[in-house]
Each structure stands twice: as structure tokens, then as C-alpha cells.
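What follows draws every value from the coordinates through simple rules; no lab data is involved. Just so it is clear, the model here is predicted, and its values are computed rather than measured. Counting neighbours? That spans all protein chains shown, and the Cβs are built from the backbone with ideal geometry, glycine included.
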Amino acid sequence: MTAALDITDLHKSFGPAKIIQGVNLSVAKGERHAIIGPNGAGKSTLFNLISGRFLPSSGEVRLNGALISGKKPFEINRMGLSRSFQVSNIFTNMTVRENVRCGVLHSMGYGYSFWRNIGNLREVSEKTAHILNEVGLLEKGNTPAALLPYADQRTLEIAITIAGGAEVILLDEPTAGMSHSETDRAVALIEKASKGKTLVIVEHDMGVVFNLADRISVLVYGEIIATGTPEQIRGDARVREAYLGEEAEDAA
Amino acid sequence: MTDMTATYAGLEPTRAEKFRQRTVPLILFALVLLVIPLFNPSRSMITLLNHMGITIVFALSYNMLLGRAGLLSFGHAVYMGLGGYFAVHVMNWVAEGTGFWGAVPIFSMPAFGFGAGALAGAIIGWPSCRRSGTPFAMISLGVAELVAAAGFMFDSLFGGEMGVSADRMAGPEFLGLSLGPVDEVYWFIAFWTFIGVLGTYAFTRTPLGKLSEATRDNAERVQFVGYNPQRVRYLVFIFAGAFAGMAGGMSAVQDEIFTPESLSLVPSGAILIATYVGGIRYFTGPIMGAIVMTYMGSNLSDYTVGWLLYLGLMFVGVVMFLPNGIAGIVYGTADTLRAGRLGEVWQSWLLRLAGLVLIAVSVITIIEVAFRWSDGYGEVFEPFGLSLATTNPLTWILGVLPLVLGVVLVLKAAKGESK
Ligand SMILES: Nc1ncnc2c1ncn2[C@@H]1O[C@H](COP(=O)(O)OP(=O)(O)O)[C@@H](O)[C@H]1O
Ligand SMILES: [Mg+2]
């Protein structure tokens, strides 16, 4: 079976700075894969390369076997890959409902349509309400996104990402800055929303990572130093040395 | 999914709300258009109203770019001008009356303007919509200069400085309108103004209209929900050009002439100001701006040669203190009244109004005295029987004292409100 995501010998430099240095990674369909690593390791850059925000310096990325590196972000999104951002990246002057609806539209086949009344697109409205309900933002549907509290903005970020029903979902630190209870709620949402889908998640909270992930990759200085099941990662000497240290023992 | 339908229904505006918020204002607008002739307006009044209608459509088309898509254009008159020029040429073909053109009623000219504006938008927008922000604004400026220069150079197309004129009474009549007298032209303008308002409003309700707002807010994120922001901008640009061209077609019939001046930066700047002063965050803002600015443009000039100065001051004032424009004031006031909060705010409102009037007294005194002095004809500003020569101490008192007092009152009002 072809992997959902196949990354081969990926490199990225910004000028002289080599940020991603030969990443190889294969994520199977339906797998939940976590990427951990210290700040500045290149996790977000890796997501930017996969999702088409940056062009790789060399190497390739395949989505369900099809080459996506070199394509535009909107082309990659249409092929079934959707991502969220570490810093909330929402449509601030539009309402929560309109934000999610933007995520729904294209997947429902309404390209750049200018001959339809958006209010009459019943299946779009229903899908939007369904997503809002799933993430728990239904009551705030008519609130301007800019006025949402921080945790709700993070949730909206996830909602926009999953709205289009993409088969491969990339989440960049979805729980960053959330309180304990907010994190628990977000994780429950991520589990539900990624059911039957492929999930790649960057996450700092080791409790979340070891609970959620089928496999984990450790990225340090732009290289994956280990990939394996949570048990393998916990037992890996290099990982302990390079990154995990006490944290892994706490989580265990 | 059954319970979902219930929740989704609660989120969307109800049928009654939609009717009240969307259909009723349109019906009212149509009624106003229908009722105006009952007041027997004078010929010059009708001409003014016709120009308002044209400017309304033009301003709404401009706000498709500025307010909705977040694209600042310095050359939007290009599309009205090219649409209008095309309409004027079509009118002349109609007057010749050969073949197909002989059957075309002049009433349909805005449709031709619409097509020409769309075509111009499609050609010029192709390179310019690749960028947004400052590069887009600069390109629009360059294109406007280019097209205006071309307008003065290609005499066979644009008629040189004299422009191209036409006859609106040519061709077959439509709905029994000869379009000769201005009151018949009124019906023509009213019809197309309504179509323009309806069309630009309907556009805001389409997926593309919503995407243009999303692209304005966050062009990057649009890419990650499957859309190309360049494509969104380009399509919006074509529609904005089309409705501007429609306004051009209306103007061609009303004034029966187009000159290369109409392509220049002057009308482009004027529509920017009218739209912004009206309020770009509201759909109705440009309508209000178009009405107020057209009125001022035609009437203020009768009172004072310094009217452009006043318009400029007003624009600067709006940009600095009223970013939501006239519509912001109108809707803000309505909200306060509806919430029953007039009791809390009337004092600071009165204070602010008094302050603004005082400031206006000083500003008017300074401007009127200053340009009479600089003219050097020894003319004296004489409002209400006062003789405000530069040597009169009262002139200086009126120029300074109300200004200081007014600023104090306005600041006090602002302080009172922030509490
Ligand atoms: N657009 C860019 N230009 C230059 N350097 C960048 C750019 N984006 C990221 N970097 C650098 O790449 C490194 C990795 O960043 P990032 O991928 O955000 O790390 P992480 O998400 O793992 O914390 C950082 O040193 C950062 O400064
Ligand atoms: Mg990061």
C-alpha cells in the first residue's frame, strides 16, 4: 500500500542556514504520527515544505504516491492535505461561521462561483454547522473571529483545517498556550476529527504525544534522529540524550 | 443529521430576518426612486440626481475592491471611462442605424459599458492582480497614467481634448422613453442605479464575494483552504471593472459626451474619497458617500471657490477620526438609539457637536480670509454683515478662539465617552 505521506531526502536552506537536512519519513494511511523536537529544530519548516508554503531546496514529498513538492499550497490542499498553523491564521474580520464556511466551500465543489447565493447552499450550511458543533463553537457562530478568546481561536484554527474533509491533516502545535482543561478538550477533538484519517502533529506536551500517536519521529537540527512507536522512542538512548531526558520518564 | 438541521437553522438568519435586513431596504430604495419625481424636482435638481445615481454605481464598484477585497486602486476611473467611451461609440453606431445597431435602444448602453468595463478589467487586471497591497496600488496608478495618456494621444478613439459626443435620442425607443428631456433620463438612471445596487449587493452574497473578504483578511490562509488568492482578486477585479463600466454607460447617456479627462487620476481620486468618506466597511457606505460628495461637488462650488479645500479637509478628518465614515455615524447612532442609550450619551454628543461647529467657524474664517488675501484683489470676506479684513482684530479672534474652544470641547466629549 502506498504511504499517505512519503518524504524523501528533503532539504531546505535559508541562505547559508541549513534548516532541514535530509529528512526521510513515511506515514501510513490512517496513522497518527507525532513529530517532536526542541524549539528551532525545523518542525514548522517541515510542515511548510510539505504543505507547499516553502519550496524544498531538494528532495521530494509525495501524497498518496503523487508528487506534491513544487506544487502551490491550494493545489496540494485540493489533493487532500490540510494543515493548521502554530500561530493562529484565521479570517479575523469574518464571523466564526464564515471562517469555517471558507474551509468547507471548495470541498463541496463551489470553486469561485459568482452565480450562486451562498445562503442557499444548503449542504455547505449543514457541513459548516456540523463542524462548528463538533468543535464546540456553534454558539459562537456569529461572533467575529477577532473577538474570540485565545483558546477558541486555536480551536477555530483546527476547525478551518478539518472543514474541507482532507484525508491527511497536519497540525502544528494545536494545544500551544492552552490550559490543562482546554488541552484535554482539544485532544479529544483531534482524536475524533482524525478518526479514519492520517494525522501528523507537532506537539510539545509529551502526555498528549504518547497518548495520541501511533508512531513518533524526533527532529533535531533538521534531521530525524529516530522514528518508532512510543515505547521504542521512550527506550531510545539517543533520543533521551538529545532531547527527551526527564520528560519521557515523567510521561511514563 | 436530523438534530443538526435544527442547530443549523438557529445559526442562519431566519426567513423573516433575511426579509427585513435584505429585501426591505432594497424595496425602500426602489420606492424612493419611484417617489422622487412626484415632488416635481427642477431640471437642475434632476441632473444632480442623475449624477448621484451614476456616482452611486461607480462608488459601489470601487468598494468591491477597496472595502471588500482590500485592494487600494488609484485608477478606477479607467474602467468607468473605457466603459463610457465604448457606450458613446455604440451610441454613434446606433445613430448611423446600419444593420444590428439600428435595433439597439440607447436604454441598453449601461449593459455595453458593463461588458467593456469587464473586458478592460480582464486585460489590465491580469498583470496587476498578481500582487496586493502597495504593489497593487502602484500598478493601478501607473496604469491610470498610461491609459489617460493614451486617451489624449489616440484622437480617433478618444476624440482628443474635445472628447467624443453622442445623441441619446437616437435609435429605437424603449419603454416609451425618448430619453430627450432629463426627466425621462431620470427613469433610465433610476433603473440602472437599482440594477447596480442589486448587482453589487448580490455579489457580496456569492461564494466569490465571501472569498474576496477572506482574501482581504488573510490571503495566505485562503491558499490552504484550496483557493488561489490571485485568482480571487482577478475575478473580483473584473466585476469591479464591469460595474464601473456600467456607471460609464449611464454617464454616456446622461451627459452625451466622454473626454479623456474621465480616464485621469482626478476622477479616480474623487471616487476613492467619496467611497471612503461614505464608509468602506458597510455596503451602504459608498451610496451615502456618493450622494453627499456629488451634492457637495455641485453646490459647494456655488458658494466658495475654496470648496476643494473643504473637501480635502473633510477627507483628512474622516481618515483620522471616522474610519467608518458617514455610514459608521449613521449605524452607530441608530444602534445607540435602539439600545436606549441616548440618555447616557446625549451630553457628550452635544458637546462634540458644539465643538465641531466652533472648529468649523475658525477653519472657514481662516480659509475664506486667506484665499481672498492671496488673490490680491482687496476683496473682503463679509459673512453675516461682518467685515473680516486682515486688519480687523475680530478676524484674528474668530480664526483662533473658536478653534481652541472647539478642540477643548471635543476632547472633553471624548473623555466623557470613554468613561
Ligand atoms: N522563512 C525563514 N527564513 C529564514 N529562517 C527561517 C525561516 N523560517 C524558519 N527559519 C529558521 O528555521 C529554524 C527552524 O524554525 P522552525 O521550523 O519554526 O522550528 P520549530 O517549529 O521546530 O520550532 C529557525 O532557526 C528559524 O529561525
Ligand atoms: Mg514551530
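Tabulated values for the structure
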item: Centre separation in Å (Cα based) which lies between segment B:103-132 and segment A:157-199; result: 45 Å
item: Helix axis angle, A:122-135 relative to chain A longest principal axis, alpha carbon, degrees; result: 50 degrees
item: Among beta bridges that DSSP assigns inside segment A:149-232, antiparallel share in %, nearest 5; result: 50 percent
item: Loop-resident sites, segment B:333-388, for chymotrypsin sites (Phe, Trp or Tyr not before Pro), counting at most 11 other Cβ within 10 Å (DSSP); result: B:Y377
item: Candidates B:G113, B:G406, B:G248, ranked by Gaussian network fluctuation over chain B, Cα under 10 Å, top entry; result: B:G406
item: Length-normalised contact order of chain B in % [C-alpha pairs under 8 Å, at least 6 apart]; result: 23 percent
item: Helix-only [θ]222 nm of chain B, DSSP H runs n ≥ 4, -39500 (n - 2.57) each, per residue, nearest 500; result: -24000 deg cm²/dmol
item: Inter-centroid distance (Cα atoms) of segment B:364-407 relative to segment B:262-288, Å; result: 32 Å
item: Helix runs (DSSP H) in chain B reaching 27 Å along axis by Cα, Kyte-Doolittle at least 1.0; result: B:109-128, B:133-153, B:182-204, B:342-375, B:393-418
item: Angle in degrees between helix A:180-193 and the longest Cα principal axis of chain A, rounded to the nearest 10; result: 80 degrees
item: Neighbour-limited loop hits for trypsin sites (Lys or Arg not before Pro), segment B:205-270 (at most 13 other Cβ within 10 Å; DSSP other than H, G, I, E, B); result: none
item: Global form of chain B, assessed from the alpha-carbon gyration tensor, a/c cut-off 1.5; result: oblate
item: Between 0 and 90°, nearest 10: helix A:96-105 axis offset from chain A longest Cα axis; result: 80 degrees
item: Segment B:224-323 shape via C-alpha gyration tensor axes, a/c threshold 1.5; result: oblate
item: Eligible lysines near A:K195 by straight Cα distance, threshold 24 Å, same-chain separation 8 or greater; result: A:K29, A:K43, A:K127
item: Whether segment B:18-140 is rounded, prolate or oblate, judged on the alpha carbon gyration tensor where a/c under 1.5 counts as rounded; result: oblate
